[in-house]
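Enquirer: One structure coming up, written as structure tokens, with questions to follow.
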Amino acid sequence: MKVSEAKRVLIIRLSSLGDVLLTTPLVRSLKNNYHDLIIDYLVKPNFEVAVKLNPHINSVIIYNDSPELAIQLKQNNYDLVIDLHNNLRTKKIVRQLGVPHYKFVKPNLEKFLLVHTKINLLKEKKPIPIRYAEVIPEFELDDKGLELFIPENINSELEGSNKVIGFAPGAFHFTKRWPIEYYAELGKKLNKDDYTIAILGGKSDKIICNDLQKMIPNSLDLSNNNNLFQTAVHIKNCKALVCNDSGLMHTASAVGTPVVSIFGSTVKEFGFAPYGIKNIVVENSELKCRPCTHIGKSKCPKGHFKCMREITPDLLYKRLNKFLEDL
């Protein structure tokens, strides 16, 4: 079935924060191309907030592994399902609904070859939002970026200043985290340039954010218990965000804040670089062991962690200064 023939569509992307935000260009483009199309979105509860207020979406449905969910979805009488997750759970849902569907085909073989043999068949691969759109025949995205819709009543103490740089030092996996002492040294250099450092993160980042705040004079620890809207407003009021390959990198892209992202064990070819926003990706391209994973690891397999440790604070400071001059 063509999208133009559908009246009601279900988009499925269960997780995670960055992946869900990366679907928003497709959601917007679908609605703008087919104004009468009713779009529902199926997502896990932890990531509902990323699409909760999206005006292009009719209903956000919370995923749970229960028979009641299948009954609810069937009652909605979808004409088409767009499965952007394509795992065992979502395949089950698609089978239960029994309607025409499009699915995102993950380049698992290409990722395996790049990680384990360093044969790179992903050089010409497009960013993930474009790959999502390509699951629909003869459909193209608009030229805008990611979107995150935030309640108007949320404010930030950073408002009104053009001299705030955000740091998001967290990431779920160790090999995706630039060392905290490097962030601290960079922060001190920026202090001398009269920048205030706002340290941002969610519940799992609170310890590292608190430790970093103690290491950078006059910095602000604005980490919280996964209040994405509040964090997004803080990021929106930063001149730029320095971060790892993480969900907050995509959050910054969604609120229009320029991004300097540091890639360690992962690489841009996987498609998850900042999208639709001024950005630079800083990475150690000389290492033959990169990438060692497509998602991250709990420790460096080689023990040296050169992918991050050789990206020194001096190097990043120079790259960041040039980036800020060009904004």
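The values are calculated or read from the model by the stated rules, or taken from the named source; none is laboratory data. None of the values given here were measured: they were computed from a predicted structure. Cβ: placed from backbone, ideal geometry, glycine included. Neighbour counts: every protein chain shown.
Enquirer: Can you tell me which residue within the range 289-327, out of those that are more than 22 Å from the chain's Cα centre (by Cα) and hydroxyl-bearing (Ser, Thr, Tyr), is nearest to GLU269 (Cα to Cα)?
Expert: This residue is THR312.
Enquirer: Scan the range 136-186 for residues that are among the small types (Gly, Ala, Ser) and assigned to a helix (DSSP H, G or I) and jot them down. So that I can check it myself, show each step before the final result.
Expert: Narrowing the range 136-186 to residues among the small types (Gly, Ala, Ser): 145, 156, 160-161, 166, 168, 170-171, 184.
Result: ALA184, single match.
Enquirer: What single numbered condition from (1) surrounded by 13 or more Cβ atoms within 10 Å (Cβ to Cβ); (2) of a type in the set (Asp, Glu); (3) closer than 22 Å to ILE57 by Cα fails to hold for ASP143?
Expert: All conditions pass for ASP143, except number (1).
Enquirer: Could you tell me which of the residues SER265, SER298, SER253 is touching a Pro at 6+ places or on another chain (Cβ under 9 Å), in contact (Cβ under 8 Å) with a residue 40 or more places away in the chain, over 21 Å from ILE119 (Cα atoms) and among the polar types (S, T, N, Q)? Give the steps one after another, and end with the answer.
Expert: Numbers: SER265 fails: over 21 Å from ILE119 (Cα atoms); SER298 fails: touching a Pro at 6+ places or on another chain (Cβ under 9 Å).
Exactly one of SER265, SER298, SER253 is touching a Pro at 6+ places or on another chain (Cβ under 9 Å), in contact (Cβ under 8 Å) with a residue 40 or more places away in the chain, over 21 Å from ILE119 (Cα atoms) and among the polar types (S, T, N, Q), namely SER253.
Enquirer: Those residues that are more than 19 Å from PRO151 (Cα to Cα) and assigned to a loop (DSSP other than H, G, I, E, B), I need them from the range 224-251; list them, please. Explain how you work it out, then say what you get.
Expert: Taking the range 224-251 and keeping what is more than 19 Å from PRO151 (Cα to Cα), we get 239-247, 249.
Residues satisfying the conditions are LYS239, ASP245, SER246.
Enquirer: With (1) assigned to a strand (DSSP E or B); (2) among the small types (Gly, Ala, Ser); (3) over 18 Å from the mean Cα position of the chain (by Cα) as the list, and SER261 as the residue in question, which single condition is left unmet?
Expert: SER261 satisfies every listed condition except (3).
Enquirer: For GLN72, all conditions in the list (1) out of contact with any helix residue (DSSP H, G or I) (no Cβ under 6 Å at 6 or more places or on another chain); (2) in contact (Cβ under 8 Å) with a residue 40 or more places away in the chain hold save one; what is the number of the exception?
Expert: (2)
Enquirer: Take the range 86-102 and flag every residue that is within 20 Å of LEU37 (Cβ to Cβ) and outside any helix (DSSP H, G or I).
Expert: Passing the criteria: VAL99, PRO100, HIS101, TYR102.
Enquirer: Of the conditions (1) closer than 28 Å to LYS163 by Cα; (2) out of contact with any Phe, Trp or Tyr (no Cβ under 8 Å at 6 or more places or on another chain), ASN284 satisfies every one except a single condition; which number is it?
Expert: (1)
Yes or no, residue by residue, for (1) among the polar types (S, T, N, Q); (2) buried (at least 20 other Cβ atoms within 10 Å of the Cβ):
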site: GLU159; (1), (2): no, no
site: PRO169; (1), (2): no, yes
site: ILE199; (1), (2): no, yes
site: GLY202; (1), (2): no, yes
site: ASP205; (1), (2): no, yes
site: LYS214; (1), (2): no, no
site: PHE229; (1), (2): no, no
site: LEU241; (1), (2): no, yes
site: SER253; (1), (2): yes, yes
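A quick yes/no check of all residues on (1) surrounded by fewer than 18 Cβ atoms within 10 Å (Cβ to Cβ); (2) outside the structural domain of PRO313 (by TED's automatic domain parsing); (3) touching a residue at least 12 places away in the same chain (Cβ under 8 Å):
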| position | (1), (2), (3) |
| --- | --- |
| ASN76 | yes, yes, yes |
| HIS85 | no, yes, yes |
| LEU88 | yes, yes, no |
| ARG95 | yes, yes, no |
| VAL105 | yes, yes, yes |
| PRO129 | no, yes, yes |
| PHE139 | yes, yes, yes |
| LEU148 | no, yes, yes |
| SER156 | no, yes, yes |
